[in-house]
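What follows is a single structure, written as structure tokens, with notes after it.
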């Protein structure tokens with residue numbers, strides 16, 4: 001069966017301008033999961049793109065394979081076209097039966113492998129990488145401080161991916177993809193976490209407004225031990241994201257956080273505040289990848305009362321398992 005193309009609707013520039021200008025105000029509400037909400041039985045997350053690598057290809061990017069109760073999701077697709085594809089092959093991981101891909105936001109270091117993955121994997125399975133989950137704002141036009149060229153790679157990538165047979169599905173609010181697994185959709189900015197790069201603006205009808213990455217979203221998995229949150233860069237702020245995850249999936253401890261937190265340049269004060277809030281949220285495991293920062297992982301480990309085995313810098317092939325915890329591989333152990 002041929003896949004139809006889903007036209008992705010984009011929020012209007014005027015509404016976005018208001019939301020961006022008031023980026024600290026909640027923009028989306030969520031209903032907490034009832035006490036009887038589904039808890040996944042098995043969860044395994046494998047990092048396929050990040051900087052550190054025992055083997056395979058390291059890069060400034062992020063991607064992870066999320067395997068939960070027999071379902072497989074790809075979260076982000078790395079930076080270079082071949083990285084995730086090649087790293088998966090080197091690790092003996094078959095991605096050809098992965099249908100759903102989550103893109104945390106529009107940056108090229110999270111979307112660069114998407115087209116290659118679709119084209120290559122579809123040769124063996126027409127449904128591979130065929131549903132791409134995004135949040136509003138991912139296709140908005142951007143400009144850098146110096147230059148007038150388009151700064152959003154997703155605008156050029158979208159028609160190519162659709163021509164290859166995939167569809168984009170936009171999530172304006174939380175959505176349960178499979179039992180016990182939620183997408184946050186856009187994350188309310190309750191706390192003044194400024195975890196996004198400076199010098200980029202969104203093009204609106206009223207002019208340029210700062211790009212706070214309004215489309216940034218994460219994945220939340222409800223387990224019997226608590227919630228596991230998977231982030232791409234955490235541009236919405238890791239504490240904003242964790243608290244919203246608890247609103248969505250139930251007010252359980254934030255048992256584990258896996259992914260990039262964009263804290264590599266954070267001040268000591270910011271790291272101390274973040275570590276305390278994560279500790280208060282019940283954090284037991286941190287697999288800090290990509291833009292989290294090596295020093296930031298170590299500081300959070302110390303300040304949140306974690307250990308060398310429970311707070312680790314992620315490497316290509318490292319993993320988190322709901323039953324066994326973190327496997328850091330060799331370099332980061």
Can you tell me which residue within the range 50-83, out of those that are more than 17 Å from residue 319 (Cβ to Cβ), free of Cβ contacts under 8 Å to residues at least 40 places away in the same chain and crowded, with 17+ Cβ neighbours inside 10 Å, is nearest to the chain's Cα centre (by Cα)?
79
Restricting to helices (runs of 4 or more DSSP H) lying wholly in the range 231-333: which have 1 or more residues that are touching a helix residue (DSSP H, G or I) at 6+ places or on another chain (Cβ under 7 Å), over 28 Å from residue 77 (Cβ atoms) and touching a residue at least 24 places away in the same chain (Cβ under 8 Å)?
268-280, 294-303
Identify, from the list 14, 4, the residue that is part of a helix (DSSP H, G or I), in contact with a strand residue (DSSP E or B) (Cβ under 9 Å, 6 or more places away or on another chain), loosely packed, with under 14 Cβ neighbours inside 10 Å and at pLDDT below 95.
14
Index of the failed condition, residue 141 passing every other in (1) out of contact with any helix residue (DSSP H, G or I) (no Cβ under 7 Å at 6 or more places or on another chain); (2) farther than 26 Å from residue 289 by Cβ
(1)
Looking only at the range 27-49, filter to residues that are in contact with a helix residue (DSSP H, G or I) (Cβ under 9 Å, 6 or more places away or on another chain) and either surrounded by fewer than 17 Cβ atoms within 10 Å (Cβ to Cβ) or assigned to a loop (DSSP other than H, G, I, E, B) (or both); which one of those is modelled with the lowest pLDDT?
27
Of all the residues that make up the range 84-121, how many are surrounded by 24 or more Cβ atoms within 10 Å (Cβ to Cβ), part of a helix (DSSP H, G or I) and out of contact with any helix residue (DSSP H, G or I) (no Cβ under 8 Å at 6 or more places or on another chain)?
3
What about residue 181, is it surrounded by 20 or more Cβ atoms within 10 Å (Cβ to Cβ) and out of contact with any helix residue (DSSP H, G or I) (no Cβ under 8 Å at 6 or more places or on another chain)?
yes
On the basis of being touching a strand residue (DSSP E or B) at 6+ places or on another chain (Cβ under 9 Å) and modelled with pLDDT under 95, does residue 182 make the cut?
no
Does residue 226 qualify as being under 17 Å from residue 278 (Cβ atoms) and either surrounded by fewer than 24 Cβ atoms within 10 Å (Cβ to Cβ) or more than 20 Å from the chain's Cα centre (by Cα) (or both)?
yes
Under 7 Å between Cβ atoms, at least 6 apart or on separate chains: pull out the pairs that start in the range 159-177 with a residue that is part of a helix (DSSP H, G or I) and end on any residue that is crowded, with 18+ Cβ neighbours inside 10 Å and at pLDDT 95 or above.
160/115; 161/114; 161/115; 161/118; 161/132
For residue 132, are the conditions met, namely being crowded, with 18+ Cβ neighbours inside 10 Å, under 17 Å from the mean Cα position of the chain (by Cα) and part of a strand (DSSP E or B)?
yes
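The values are calculated or read from the model by the stated rules, or taken from the named source; none is laboratory data. As the structure is a prediction and not an experimental result, all values here were calculated from the model. Here Cβ is always computed from backbone atoms with ideal geometry, including for glycine, and neighbour counts include all displayed protein chains.
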